[in-house]
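This report refers to the structure that appears directly beneath it.
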Amino acid sequence: MDDHTAEYWARQLRLGAGIAVVVTAIGGIRIALAWAPGSRWWLIPVAVVVVLQVATFWAPWNRIVREDLKRRRLLAWWFGQLPVLLLFGMADPDGWLLYVPAAVLLLITGMALWSPKVVIWLGVLSVAGYAALLPTRGDADAGTTVLLVAMMGCVVGLTAVGAQSRRRFDARRQIAERRAETLLNASADAVLAIGRDGIVKYVSPSVEQLLGLPVKDLMGRRLDDVMSAERRVRARVFFADVAGLPTGQSVRTEAGFNGVDVDIIATNWMNSPDLQAVVVSLRDISTRRELERQLSRQAYTDSLTGMPNRARFAERLREAVAEGRPVTVLLLDLDDFKLVNDNLGHSAGDELLGTIAGRLRRHVRPDDLLARLGGDEFAILLRDVPVEDVAALAERLLGAVREPVRLGSRDVTCSLSIGIATEGADAEQLLGNADLAMYAAKRAGRNGFAVFDPTMTLSVLEEAQLRADIEHALEHEEFVVLYQPVVDMQTQRLTSVEALVRWQHPRDGLLGPYHFIADAEANGLIVPLGRWVLRQACAQLASWRRESPAAAGLHVNVNLSARQFQYAGLVDDVASALQDAGLDAASLTLEITESMLMADIETAKQTLHALRDLGVRLAIDDFGTGYSSLSYLKQLPVDVIKIDKTFVDEVDVDADDVALVDAVAGLGQALKMKTVAEGIETDAQWATLRKLGIDHGQGYLFGRPAAAGEIVSLLTRAADVAA
């Protein structure tokens, strides 16, 4: 018997005892008023019975009724009252009149507890006694007796029906409670109900698996008893806040408990007559929080070198400037690093960066901050260092980097361009001044350093010239679009291509994006350039589909720059490009980096939803190099997660990279997003990523960026093989 049923029985038994006290007391009054003086000694046993019945109010009925045998013995109480009523009816001059209401009360109280069968037997015996009393004590004739007995029989029938209805209601309630209990038991979430006094009134069994606390250690105890003193204070404040909410409203928070990170939803039901408690739901979010912590660490650490990254450097620089002490910034950029990537591959480039980073570390004091800002760019933050000492450090760094580096079977010699700045109104300007000085060092012939001078702002003129060159290139169609294959990881079937822009410079030849994208982004020309690339890519995919049946299922991916993503006319540009090409929107995937999303998450959400309304697919590029909270990620209409190359490079040998890629693959499955691994260059990387469940892959292993004609050849060869 559950607590609810036991409480119900106890309440009905006390009610029945109260009725019995009243009926017995009425009988005593009748004895005192109507019986002969010689028979009034019956008042003594009646008084004793009244006292005994009153005493039953304090009996531990909640415990007694839980035992089936004792519960059945209670039937004797009901059936034992019938002969007493009959004898009283025979002895009292008007007892036959009192018999009917007393018997009906007996039936009603019996209906509230016992089965219809028991109620019917009580009714039959009650009717039999009534039938015996009517002709003998009530002087009723046969007709009156039959009529009154029939009416009494109707009362019996009604109480039997009432008992049956109650039983069905109880059965349905118990089924519903068992169903709810089963669901709670099966759920990984734990549910607690905590009363106004802080006593735990209910705990679901899953709390033991979630928090390692047995149910018996919580039930009936104050929640404070299982908390540390520090958590106890916070918990009291939290529950006070919840209890102050309107009924049915909730508060959500996250906390650590017994070494488990839990998501807590507390709902105020204190004023609900059925609950009178705060209902708390606990969900284990340890896996999610650990992934967020990994992503957070990644947001401040360069995965290739283990150094602080740009975000950490900017934060520390702001702190140093705010302290008011002399601060010096060195900005270091490897000269012609792109040639290493283009000629030897990205793996060799990464190996070179790792070696250079190690050499730089040896020349930096422990209190200084050395960071990799991205690509081939490093920065050093110095405090309280004289200018002459800074110059000496720059010379040592230049010498250390010039030493040859063995990459495979080749020795590669590098050089640095270093910009030094010791003045600036704020951290941003100080870093900008170092950047100007670094470009001055490059213009001076590279492999050297330059200290910022205000006259370097003349470089703005050069930027203006570069802007004019880019505008000329756009006008005379000097830009070209190459396409890199994206394949199915299981079959290597070509599923899509990524559009990549290059500049066919009339003087410098074919230039990669590192030579002009940053400048185009800075001067705003990235918007028309991005619009041109988008239209070219859509038109080219439509052309492939017209020319080759093998291109029917091909998709095209186009990168959006930060400024392009912020451009108010982006959605119209995309719609126009699709319409002019006659291309269905689902064939286009737009790629956005994490940093672009997190710069202004609310605006980003609006833009993404507007693009999704067009029907295009959306991808997060370079996933893992920024920091996107999972609580935001699941709100965004994103279809694809592209795992950055830095996590792919050593995924076949580095357990940490395997764990992170595996977590991202699981995240993609949980959020129903496809995953793409970038920068795959070896069969070992491909095999590992395939086992981890990555959906698609991209990299030199499957194909380098190629002209449109080469993509047609790839599609044709694939179709011939399939045939």
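Annotation: amide H of T495 within the under-5 Å range of V486, V487, D488, sequence separation 5 or more or interchain, hydrogens built in the peptide plane. Its alpha carbons give the range 189-250 an Rg and a Dmax of 12.0, 32 Å.
Computed from backbone phi with θ = phi - 60° and the Karplus coefficients 6.51, -1.76 and 1.60, the 3J(HN,Hα) list for the range 661-670 is 5, 4, 5, 5, 4, x, 4, x, 5, 5 Hz; x is used for glycine and proline.
Accessible area per residue was computed with a 1.4 Å probe on protein heavy atoms; D68 scores about 70 Å². Taken about its Cα centre, the chain carries a charge dipole of about 5060 debye when Lys and Arg each add +1 at the Cβ and Asp and Glu each add -1 at the Cβ. For the range 638-723, the average shadow cast by the Cα convex hull is 6.5 nm², which is a quarter of the hull's surface.
For the range 231-371, the Kirkwood hydrodynamic radius comes to 20.2 Å, computed from all pairs of different C-alpha atoms.
Taking a ≥ b ≥ c as the square roots of the Cα gyration tensor eigenvalues, the range 323-470 comes out oblate, since a/c reaches at least 1.5 and a/b does not exceed b/c. Give the distance, in whole Å, between the Cα centre of the range 678-714 and the Cα centre of the range 195-239. That distance is 53 Å. Note on surface exposure: I120, I680, I199 rank I120, I199, I680 by accessible area, highest first, 1.4 Å probe. Put simply, the Cα atoms of the range 122-171 extend 46, 15, 10 Å along their principal axes, the longest span coming first. Dividing the Cα radius of gyration of the range 75-160 by 2.2 N^0.38 Å, with N the residue count, gives 1.02. Only Lys, Arg, Asp and Glu carry charge here, each on its Cβ (+1 for the first two, -1 for the last two); on that basis the range 317-361 has a dipole of about 240 debye about its Cα centre. Percent of Cα-Cα pairs more than 19 Å apart in the range 563-617, please. That tail contains 25 percent of the Cα-Cα pairs.
Normalised by the number of residues in the range 377-499, the average gap of Cα pairs under 8 Å and 6 or more apart makes the relative contact order 14 percent. Report the net charge of residues surrounding L373, where surrounding means a beta-carbon distance below 14 angstrom and charges are Lys +1, Arg +1, Asp -1, Glu -1. With Lys, Arg at +1 and Asp, Glu at -1, the net is -3.
Accessible surface computed residue by residue for the chain, with neighbouring protein chains in place and a 1.4 Å probe, gives 49 Å² per residue. Ignoring solvent entirely, what values of log10 I(q)/I(0) come out of the Debye formula for the range 369-430 at 0.12, 0.21, 0.26, 0.30 Å⁻¹ when each Cα is a single scatterer? For the requested q values the scattering log ratios are -0.40, -1.00, -1.29, -1.39. Going by accessible surface with a 1.4 Å probe and the largest first, W77, W35 read W77, W35. Pairwise Cα separations in the range 127-285 fall into 10 Å bins from 0 onward with the following percentages, short to long: 9, 28, 21, 9, 8, 10, 10, 4, 0. Rounded to the nearest whole angstrom, the semi-axes of the ellipsoid equivalent to the range 1-108, taken from the Cα gyration tensor as √(5λ), stand at 30, 14, 11, largest first.
Here V658 sits with roughly 40 square angstrom of accessible surface, probe radius 1.4 Å. Listed by chain and number, the lysines whose alpha-carbon sits under 20 Å from that of K338, ignoring those within fewer than 8 places in the same chain, are K442, K645.
For the chain, the mean residue ellipticity at 222 nm estimated from helices alone is -17500 deg cm²/dmol, where every DSSP H run of n ≥ 4 contributes -39500 (n - 2.57) and the total is divided by all residues, rounded to the nearest 500. Residue by residue, the range 308-316 carries 3J(HN,Hα) couplings of x, 9, 4, 4, 5, 4, 4, 5, 5 Hz when phi is fed to the Karplus relation 6.51 cos²θ - 1.76 cosθ + 1.60 (θ = phi - 60°); x denotes Gly or Pro. The share of alpha-carbon pairs in the chain lying farther apart than 32 Å comes to 69%.
For the chain, the relative contact order works out to 7 percent when only alpha carbon pairs closer than 8 Å and six or more residues apart are counted. When the Cα positions of N559, W532, S548 are compared along the charge dipole of the range 496-597, S548 comes out farthest toward the positive end, with charges on each C-beta of Lys, Arg, Asp and Glu. In the range 1-92, taking the dipole from charged Cβ atoms about the Cα centre, the farthest positive-side position among A47, T24, F79 is held by A47. Taking amide hydrogens as placed 1.01 Å from N in the peptide plane, the amide H of E681 sits under 5 Å from those of L701, each at least 5 positions away in sequence or on another chain. Stokes-Einstein, applied to the Kirkwood radius of the range 329-401 over Cα pairs at a viscosity of 1.567 mPa s and 4 °C, places its translational diffusion at 99 µm² s⁻¹. Rg over Rh for the range 304-353 works out to 1.16, using Cα positions for both radii and the Kirkwood form for Rh. In a DSSP loop and with at most 16 other Cβ atoms within 10 Å, the trypsin sites (Lys or Arg not before Pro) in the range 415-459 are R446. To one decimal place, what Kirkwood hydrodynamic radius in Å is obtained for the range 454-568 from all pairs of distinct Cα atoms? For the range 454-568, the Kirkwood estimate is 15.8 Å.
Computed packing ranks the peptides 307-319, 221-233 as 307-319, 221-233, most packed first, by mean other Cβ atoms within 10 Å.
Out of all DSSP beta bridges with both ends in the chain, state the antiparallel percent to the nearest 5. Around 70 percent antiparallel, to the nearest 5. Here the chain has 57 percent of its accessible surface on carbon and sulfur atoms, given a 1.4 Å probe and all protein chains in place. Count charges around R310 for me, please; just the other residues with Cβ under 9 Å from its Cβ, Lys/Arg as +1, Asp/Glu as -1. Here the charged neighbours net out to 0.
Taking all protein chains as shown and a probe of 1.4 angstrom, M152 keeps an accessible surface of around 10 Å². Taking a straight line from the alpha carbon of K691, these lysines sit under 16 Å away, with near neighbours fewer than eight places off in the same chain left out: K674. About the centre of its Cα atoms, the range 649-723 shows a dipole size close to 500 debye [charges on the beta carbon of Lys, Arg (+1) and Asp, Glu (-1) only; nearest 20 debye].
The values are calculated or read from the model by the stated rules, or taken from the named source; none is laboratory data. Please read these numbers as outputs of a predicted model, since none were measured by experiment. Cβ: placed from backbone, ideal geometry, glycine included. Neighbour counts: every protein chain shown. When the accessible area is computed, the model is the full protein with side chains, heavy atoms only, and any ligands, DNA or RNA have been set aside. Shrake-Rupley method; radii C 1.70, N 1.55, O 1.52, S 1.80 Å.
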